[in-house]
Amino acid sequence: MSETSTSGLSRLEKTLFRLEAQHACLAYAFDAIAALPGPVVEFGLGLGRTFDHLRRHLPDREIFVFDRVNKAYPDCQPDPAHLLLGEIEETLPPLALGLAGRVVLANADLGSFDRESNRAVAAMCARLLPPLLAPGGLIMSDLPLALEGFETVKLPPGAREGRYYLYRRPVSS
Ligand SMILES: C[S@@+](CC[C@H](N)C(=O)[O-])C[C@H]1O[C@@H](n2cnc3c(N)ncnc32)[C@H](O)[C@@H]1O
C-alpha cells in the first residue's frame, strides 16, 4: 500500500500552498527590507523561479544564489559571479566572512519530500544562516528552523500556517 501524507494534504496541495506562502512572504519581505541596505541570499536556485522574482523586485540588490546544480530556465540564470554551484556547506564558507552581518533577506527553499533530508537541511540552515544576517534582516524558509536569537514573524495574509516560515534578527540583540 502506498504511503499517504499525515497532514491530509496531497502533494499538489503541499506544492501549491508552499509557493503561495513563499510568494506572500516575499511580498512582505520586499517592503520590510526596503530601507535596509545589504545583499540577498537564495538557497536553492532550482528552476530559477524564485530567483527571477527576487531580481525583478530587488533590481538594485546583490543576490547570491546557491545550488548543487544549475537547472534553471535559460531566462532565469543568475550572473555567474553570483551563482555558487556545489554543496552549500562547501560553497558558502568562502563567502561567509564577506557576507557576515550584512544580509537583509535570506530565502531557503531547500526542502523535499524526504523527511531525513529535510532534518539535515534545516539543521544546516540554522547553523549557516544566522551569522550572515544584518540586524532587522529576514530569513524565509520552507522548513521550520531553530534559530537562536531570532524572532518568529507572523505570516502575512495569503500564507497558510506551516507552509513557510519567517524569522527576523532583532535590531538590538
Ligand atoms: C525546491 S528546489 C528550489 C526551487 C527554486 N526556489 C525555484 O524557484 O525553482 C530545491 C533546490 O535546492 C537544492 N539543494 C538542496 N539541498 C542542497 C544543498 N545542501 N546544497 C546545494 N543545493 C541544495 C536542490 O538541488 C534543488 O535545486
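A short reminder: the numbers here are calculations on the coordinates, not readings from a lab. What you see is a predicted model, and the numbers here were worked out from it, not measured in a lab. Positions of Cβ are generated from backbone atoms using ideal geometry, with glycine treated the same way; all protein chains shown enter the neighbour counts.
Over the chain, one equal point on each Cα, no solvent: what is log10 I(q)/I(0) by the Debye formula at q = 0.21 Å⁻¹?
The Cα Debye sum returns log10 ratios of -1.70.
Give me D for region 64-111 in µm² s⁻¹, whole number, from Stokes-Einstein with Rh from the Kirkwood sum over alpha-carbon pairs, 10 °C and 1.306 mPa s. Please report the intermediate quantities before stating the final value.
Details: Rh = 11.9 Å.
Once the numbers are plugged in, D ends up at 134 µm²/s.
If you take every DSSP beta bridge whose two residues both sit in region 11-168, what share of them, in percent to the nearest 5, is antiparallel? Can you show the working numbers first?
Values: 6 of 22 bridges.
Counting only bridges with both partners in region 11-168, antiparallel ones make up about 25 percent.
Quick one: what are the phi-derived ³J(HN,Hα) couplings along region 57-63, Karplus 6.51/-1.76/1.60 with θ = phi - 60°, whole Hz, x for glycine and proline?
In residue order, the calculated couplings are 8, 10, x, 9, 8, 6, 10 Hz.
What is the spin-label model distance, in nm, from S117 to S7 if the labels are put 7 Å beyond Cα along the C-beta direction?
1.6 nm
Using θ = phi - 60° and the Karplus form 6.51 cos²θ - 1.76 cosθ + 1.60, what ³J(HN,Hα) does each residue of region 25-37 get, whole Hz, x for Gly and Pro?
Per-residue couplings from phi come out as 5, 5, 4, 4, 5, 4, 5, 5, 9, 3, 8, 9, x Hz.
Find how much the distance from L16 to D75 grows on full extension, using 0.36 nm per residue of separation minus their present alpha carbon separation; answer in nm with one decimal. Each step should come with its number before you reach the end.
On the way: separation 59, 0.36 × 59 = 21.24 nm, distance 2.26 nm.
Extending this stretch completely gives an extra 19.0 nm.
Grab the beta carbon distance between R102 and F30, set R0 = 22 Å, and tell me the FRET efficiency rounded to 0.05.
Details: r = 18 Å, r/R0 = 0.81.
In this case the efficiency is close to 0.80.
Quick one: longest stretch of the chain between exposed loop trypsin sites (Lys or Arg not before Pro), exposed meaning at most 13 other C-beta atoms within 10 Å and loop per DSSP? Mind dumping the intermediate values first?
Details: sites that count: K71, K154.
Here the longest segment lacking exposed loop sites spans 72-153.
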